[in-house]
């Protein structure tokens with residue numbers, strides 16, 4: 001009759017435990033080394049990434065999707081004396097709006113705030129909806145900045 005040692009019992013239990021426990025089916029099987037970025041959390045999930053990763057692509061699995069690549073910004077630049085601009089996502093577009101009671105302003109856009117005098121008038125027509133002047137523009141890649149200019 002063989003004698004079972006404490007070590008043998010511990011080894012046996014750890015092998016049984018590890019065989020019955022399973023990890024979740026989440027996997028990121030590749031990575032890149034980039035600079036900058038941060039972490040985003042929600043509920044029990046957390047993801048860390050960088051802004052402007054050159055490894056563009058789409059990862060999907062189940063109900064989750066991660067789009068990599070360069071991220072753009074669509075932002076309002078508030079001009080002194082101009083009404084407050086609001087930017088609202090609308091599918092593949094964004095709606096830029098301001099109070100309809102304000103008249104005489106022109107909506108302008110720019111892709112680079114470091115380039116002086118690069119502002120151009122947005123060609124899309126202004127539509128009045130629910131007391132707001134609204135302009136719908138595509139949310140394309142890259143940066144877009146909007147402002148109201150009084151002539």
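The values are calculated or read from the model by the stated rules, or taken from the named source; none is laboratory data. Being a predicted model, the structure only gives us computed values, none of them experimental. Note that each Cβ is placed from the backbone with ideal geometry, even for glycine, and that neighbours are counted across all protein chains shown.
What to note about this one:
- For segment 26-45, the criterion of being in a loop (DSSP other than H, G, I, E, B), modelled with pLDDT of 80 or more and either within 24 Å of residue 139 (Cα to Cα) or in contact with a helix residue (DSSP H, G or I) (Cβ under 7 Å, 6 or more places away or on another chain) (or both) is met by no residue.
- Residues that are exposed (fewer than 12 other Cβ atoms within 10 Å of the Cβ) and in a loop (DSSP other than H, G, I, E, B), drawn from segment 87-116: 91, 92, 101, 103, 104, 112, 114, 115, 116
- Filter pass, residue 134 being part of a loop (DSSP other than H, G, I, E, B) and not assigned by TED's automatic domain parsing to the domain that holds residue 42: no
- Here 127, 135 are screened, and the one residue that is free of Cβ contacts under 8 Å to residues at least 24 places away in the same chain and out of contact with any helix residue (DSSP H, G or I) (no Cβ under 9 Å at 6 or more places or on another chain) is 127.
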